[in-house]
Amino acid sequence: MNPEDAWNNIDPLGEALHFLRMSGTFYCRSELSAPWGLNMPPMKDCLMFHFVTSGSFWLEAGTRRCRLQPGSLALVPHGAGHVLLSEIGAVPARLFDLHRENLSDRYEILRHGGGGTAMTLICGAVRFDHPAAHRLLMLLPDLIVVSASNSPDEDGIRSVLRLMAAEAAAMRPGGETIVTRLADILVIQAIRSWIERDPDARTGWLGALQDRQIGRALTLVHRDPARAWTLASLAEEASMSRSAFAARFKALVGVPAMHYVAQWRMNLAASQLRERSEGLASLAGRLGYQSEAAFSRAFKRFMGVPPGAIQQAAARTGGNDVQSLAEQGGRRD
């Protein structure tokens with residue numbers, strides 16, 4: 001394969017979406033009857049989503065208000081508190097004040113309302129550990145609403161919604177795993193739909209990924225962070241002069257190229273340290289550092305704390321999973 005063909009097979013934006021692997025997933029099937037209202041507490045560092053399997057309701061997030069119909073999917077990417085209402089003027093109850101039936105550690109059923117018109121929806125709170133996912137989520141608006149009827153992925157979204165609704169209702173053996181995988185697909189489809197139709201998705205880091213030359217350089221750093229990257233080697237991969245590459249990279253991404261490389265490595269390291277699955281020496285070597293001491297110095301310089309502090313925090317919180325975050329949010333409110 002010649003270099004041109006190799007580049008044609010690189011999809012920087014697609015690879016960034018590939019990093020949207022959910023962790024700490026937590027789901028709730030809500031069976032509601034009018035009038036009803038739910039006050040959803042903020043959940044730090046989480047993306048929350050709601051999709052309607054039957055009926056309709058109002059969602060209020062910040063200054064935005066929208067009506068969600070069957071087949072609609074709403075994302076609240078930054079974990080902000082928001083309100084769900086059967087009708088304008090309904091009084092919302094605090095989510096964690098209501099009884100929920102726990103089906104598993106990460107799945108529950110909520111039944112609530114005044115006995116009128118029924119509706120069902122599935123809500124979720126998820127976290128993403130990969131630094132590419134964090135970067136992408138930071139760029140998303142406060143609310144994304146996708147309807148199967150106005151999405152380029154209409155048939156696919158409808159099929160996934162039908163299957164997810166059926167699995168959530170039946171909860172047969174393996175159903176929780178299937179719901180989790182389907183939620184991955186739905187969230188990625190919603191974000192992809194936003195990228196395709198919103199001009200803001202063609203600026204900043206997302207715009208850089210879609211730039212032919214800078215996108216290639218970013219993808220190669222993401223694929224091989226341990227490589228001894230230099231400004232010259234990145235410029236060569238992008239088929240640009242050093243000065244032109246440096247200027248264009250900073251203009252699109254917002255930071256110098258070598259700062260981005262170091263920052264990417266440190267964010268990867270923090271993600272691995274939170275999982276507590278690898279020793280410091282091994283992690284240092286995998287990210288291109290010659291010694292554990294050199295890695296620790298670089299980590300503290302970028303992150304403000306030594307790597308051991310991340311490991312200790314992860315040990316205290318059990319990985320900071322969404323279930324515990326949700327319960328903490330309920331107590332705070």
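General remarks:
- Residue-span extension gain [Ala281 to Arg242] - 0.36 nm each, minus C-alpha spacing: 10.7 nm
- Residues Met240, Met43, sorted by accessible area with the largest first, give Met240, Met43 [1.4 Å probe; ligands and nucleic acids excluded].
- Exposure check, 1.4 Å probe, all protein chains in place: His134 carries approximately 80 Å² of accessible surface.
- For the chain, with all protein chains in place and a probe radius of 1.4 Å, 51% of the accessible heavy-atom surface sits on carbon or sulfur.
- Only protein heavy atoms count here; on that basis, with a 1.4 Å probe, Arg297 has an accessible area of about 150 Å².
- Measuring only protein heavy atoms, the 1.4 Å probe finds Thr230 accessible over about 70 Å².
- Gain upon complete extension [Ala294, Ala232; 0.36 nm per residue less C-alpha separation]: 20.0 nm
- All alpha carbon pair distances within the chain were sorted into 10 Å bins beginning at 0; the resulting P(r) in whole percents reads 5, 23, 30, 23, 14, 5, 1.
- Segment Val305-His18, length gained on full extension (0.36 nm per residue, minus Cα span): 100.4 nm
The values are calculated or read from the model by the stated rules, or taken from the named source; none is laboratory data. As the structure is a prediction and not an experimental result, all values here were calculated from the model. Accessible surface areas use protein heavy atoms only, side chains included; no ligands, DNA or RNA. Shrake-Rupley method; radii C 1.70, N 1.55, O 1.52, S 1.80 Å.
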